[in-house]
1. Can you give me the orientation-averaged projected area of the convex hull built on the Cα atoms of region 362-520, in nm²?
2. Can you pull the percent of the chain's accessible area that's carbon plus sulfur, 1.4 Å probe, other chains left in place?
3. Around A264, which amide H atoms from residues at least 5 apart in sequence, or from another chain, sit under 5 Å from its own amide H, with H modelled in the peptide plane?
4. Any idea of the accessible area per residue across the chain, 1.4 Å probe, to the nearest Å²?
5. Please enumerate, by chain and number, the aspartates and glutamates with C-alpha under 13 Å from the C-alpha of K219, excluding those fewer than 8 residues away in the same chain.
6. For T241, T322, what's the largest-to-smallest order of accessible area, 1.4 Å probe?
7. Roughly how many whole Å is it from the C-alpha centroid of region 307-343 to that of region 434-462?
8. Please give, to one decimal in nm, the separation of the simple spin-label points placed at R456 and K415, each 7 Å out from Cα toward the Cβ.
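The values are calculated or read from the model by the stated rules, or taken from the named source; none is laboratory data. Please read these numbers as outputs of a predicted model, since none were measured by experiment. Methodologically, a virtual Cβ is constructed for each residue, glycine included, from the backbone with ideal geometry; neighbour enumeration extends over all protein chains shown. The area values use the complete protein model at the heavy-atom level, side chains included, leaving out ligands, DNA and RNA. Shrake-Rupley method; radii C 1.70, N 1.55, O 1.52, S 1.80 Å.
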Amino acid sequence: MNRAEIWERVRQHRGDWDMIVVGGGATGVGVAIDAASREYDVLLLEQSDFGKGTSSRSTKLAHGGVRYLEQGDIGLVMEALKERGLLLQNAPHLVHDLAFVVPNYEWWEAPFYGMGLKLYQLLAGKYGFGKSRLLSREETLEQLPTIKTDGLRGGAIYYDGQFDDSRLLIHMVLTAFEQGAALLNYVQVTSVTKDAQGFVDGVVARDVEASEEFRANAKVVINATGAFTDRLRRAADPSATPMIAPSQGIHLVFKSEFLPGKSAIMVPHTRDGRVLFAIPWHGHVLVGTTDTPVPDATLEPVAMESEIEFILSTAGQYLAKTPSRSDVLSVFAGIRPLVRAEGVASTAALSRDHVIHIDPSGLMTICGGKWTTYRHMAEDCVDQAATLAQLGEKPCVTRELRIHGYHASPQEFGKLGVYGTDAAEIRKLIDDHRELGETLHPELPYVKAEVLWAVRYEMARTIEDVLARRTRTLFLNARAALEMAPTVADLIAPELGWDNSAKTNQLAAFREVAANYVLR
Ligand SMILES: Cc1cc2nc3c(=O)[nH]c(=O)nc-3n(C[C@H](O)[C@H](O)[C@H](O)COP(=O)(O)OP(=O)(O)OC[C@H]3O[C@@H](n4cnc5c(N)ncnc54)[C@H](O)[C@@H]3O)c2cc1C
């Protein structure tokens, strides 16, 4: 997958594309996979890097959403549990099951949560991940050795899925490409074009790298821009009523000593009525999240002080050692593209169901939903897009479609397991050049060969693409990412033809972004 070659293909393309998808997050890339695998002719444009938006900033759970069960949204939970099962089936190198323990401190919690979690397990049917059950105090401490013991009565254990969000996304981009889609990162759609009847028939876009404008026509344009949805809708129709209620969520990352072992903590009711997770992830602990309404979407949202304080203090209520600011290795924020609803008091209560909307101009928008349900969202969207564009009906094939790199036993590749079958190729790079096996930082497992792999075969274009979304360094340990950046720049420079001044600019741009992930 090479950006210059894809550009050439796009330039050579004659006639209308069947579909142009705007937005390279889970939703847009999911649509591109679905459309291409039905043999529709599809182009996807992403203004920044694939996954730069919300899709790299999630809690990384392939889940049905225990909380939505409490809200009575059984249909949504069942659908998401089924999608969780399909994700594990089609991407076992990137999704795995994880034990979650709800610690109980009050007498009523064990029967209450025990019943709810049993129902959660039953709703998964044949897509189940494991049996939920009540735990004694001793068993709870075995699972969570660092949980606060004062007043601890026991716990309830259940199973859900965990994944590496942006790594899955990159493998989805590769899947869409292999199915015949053309996908470009760093191409921003600036406006839409319309035919004589006023229907959207294409896009005007700008190659951010070359600062060049280009136009492309399509039978249908699909807006999959997440929290930016209303901006593109207003470009097509300035009077469009907003659909999105953006809501920010943050996570803090700590050393694994705060939660050693393999089980996660799930707190069903925090002070603000949300769920809080503390989850082992890539040898670290991820704690989140918040739900704070924000006025608008930004590509690099910044965690608010109140959110940081809330997570630190809530985590401190459950962990034997209260984490402090100086323990935070990375802080990251993301924006939920929630669909607005009348009469709903808080963003936490807004439905996570997806919506497909067609504006009078013919611009099709897909928004809402969850990472977990991207495949089902894409199936719905492509069904409707094909009808709108009067394309021949073709059945969806993604239920059985394996994600790039599929490997049933990825653990045999050790730390490179998330690459699936690509791990063997990365190992070959190392066999040919032993120095590429060197780690980039003593506190993280990433090796130099992964940088070259990302640039050569995964369309990484910047230091940030490599450190934030191909490897997860910036999300795991922001200071380590800053320390690694010069070596990463040296490795990328000859690959992308950067001279010294380009390298200096790239480093400065990375330092500016990385500053948002460091807690002072
Ligand atoms: C804190 C938090 C935790 C979450 N945890 C989970 C979880 O554990 N499990 C789960 O299932 N879901 C979770 N979610 C939800 C999930 O992350 C989102 O539903 C999903 O990532 C949305 O994907 P998207 O593609 O719609 O949006 P995005 O990932 O934001 O993608 C939209 C893309 O469109 C691009 N774009 C915008 N405008 C343009 C333009 N003009 N031209 C070209 N490109 C453009 C943006 O750059 C962006 O990359 C969480 C969300 C948040 C915020």
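1. 13.3
2. Here it works out to 51 percent.
3. The list, which skips near neighbours in sequence, is A99, F100, V101.
4. 39
5. Partners found: D16, D18, D41, D195, D201.
6. Solvent-accessible surface, decreasing: T241, T322.
7. 30
8. About 2.0 nm separates the two model spin labels.
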